[in-house]
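First up is the structure itself, then whatever we jot down about it.
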Amino acid sequence: MKIILRKKDSVTSIVLFIFNIYGEYTNQYSIQLRHLIDFMMLFNKNETSTRMGLSRMVKAGILINRKVDNEVVYQLTEFGLDNINIWNDGITNFFKRYQKRFQAWDGKWSAIILLDFNKSDKERQPVIDELTEMGLREVNRNNWICPYQVSDDVKALTAKENIRYLALNGAEIQSDVSGYKLLDNVFEVASVRKKYLGFLEMLQEIKNEIDGLGGNEGYCLALLFKLGWNFYDIAVSDPALPKEFLEDWEGDRVVEEFQRLRTYLYQKVVQYFIKKNDFTSSD
């Protein structure tokens, strides 16, 4: 089961982000309640809303709480960790796909036909999400194409979800549809370009906010969340087409700027964690 994060400012979204970043730094997934309350205040969440949100996450099986040395500690469950990994895999898959953009394209396509598949079924949405994150796009009902080879990923997904399918790998596509229509109608390049342009504006906003922080590294945690959440939305929607299709692409600049700014903010957040180096408890 997948946690559906509909609101980027929800307590669940923010708490999972905090555990994700701290886990990236320490490979530990336990945080004291008092520090979680401090962290959530950086996101304008007061103690009452934080406690209520944490309680809901415990009931949902995302977290467990326990006492260690008279301190209440919240720990991520396997279910919670699995859902963090879904997020991380989405970003990882994007960068794998993005690297192919700079490799010589062999002109070969993948085409996938899903058999007896009803995408309107609620439980099928994760399948659609994973196909999209592979770079596949639906050209017609249950017919998906991609300019890269994704046969291994598709095979793993269909086996996991028990889906019948047909696949064409290393195929050449001939069509009377113009390249422009293919890019716009199937790969929605214009929509993705608009997202990237908006993200560039947001990057400048974040840089301006950083300039106003002084030496307060704590608030970089909230800025890192803002940066990552908004980038994720674009990353999963960008098929990262070969340069043969899009030589001049706004996404190239955005990716470079994103990586640079994320590295800077992450380093600031690590400094903040070091200053609060007692905020986890060992068993």
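Here are a few things to note about the model shown:
- Whichever residue in the stretch 110-131 is part of a helix (DSSP H, G or I) and acidic (Asp, Glu) and, among such residues, is farthest from Asp153 (Cα to Cα): Glu123
- In the stretch 23-59, the residues that are in contact (Cβ under 8 Å) with a residue 24 or more places away in the chain, of a type outside the set (Lys, Arg) and not in a helix (DSSP H, G or I): Gln28, Tyr29, Ser30, Ile31, Gln32, Leu42, Phe43
- For Gly215: the one exception among (1) part of a helix (DSSP H, G or I); (2) under 30 Å from Leu16 (Cα atoms): (1)
- Neighbours by Cβ (under 9 Å, 6+ apart or cross-chain): first from the stretch 104-128, on the phi < 0 side of the Ramachandran plot and among the basic types (Lys, Arg); second part of a strand (DSSP E or B) and exposed (fewer than 15 other Cβ atoms within 10 Å of the Cβ): Lys108/Asn169; Lys108/Gly170; Lys108/Ala171
- Check on Leu168, open to solvent by 80 Å² or more (accessible area, probe 1.4 Å) and outside any loop (DSSP other than H, G, I, E, B): yes
- Looking only at the stretch 132-165, residues that are surrounded by 12 or more Cβ atoms within 10 Å (Cβ to Cβ) and not in a helix (DSSP H, G or I) come to 17 in all.
- Single residue of Asp116, Asp129 found to be in contact with a strand residue (DSSP E or B) (Cβ under 8 Å, 6 or more places away or on another chain), open to solvent by 40 Å² or more (accessible area, probe 1.4 Å), more than 16 Å from Ile18 (Cα to Cα) and of a type outside the set (A, V, I, L, M): Asp116
So that you can scan it fast, the table gives a plain yes or no per residue for (1) more than 18 Å from the chain's Cα centre (by Cα); (2) on the phi < 0 side of the Ramachandran plot; (3) modelled with pLDDT of 90 or more; (4) not in a loop (DSSP other than H, G, I, E, B):
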{"site": "Lys181", "(1), (2), (3), (4)": "yes, yes, no, yes"}
{"site": "Asp184", "(1), (2), (3), (4)": "yes, yes, no, yes"}
{"site": "Lys195", "(1), (2), (3), (4)": "no, yes, yes, yes"}
{"site": "Lys207", "(1), (2), (3), (4)": "yes, yes, yes, yes"}
{"site": "Lys226", "(1), (2), (3), (4)": "no, yes, yes, yes"}
{"site": "Lys243", "(1), (2), (3), (4)": "yes, yes, yes, no"}
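The values are calculated or read from the model by the stated rules, or taken from the named source; none is laboratory data. Computed from a predicted model, the values in this text were never measured in an experiment. Cβ coordinates were reconstructed from backbone atoms using ideal geometry, including for glycine residues, and neighbour counts include every protein chain displayed. Keep in mind that these areas ignore ligands, DNA and RNA; they rest on the heavy atoms of the full protein, side chains included. Shrake-Rupley method; radii C 1.70, N 1.55, O 1.52, S 1.80 Å.
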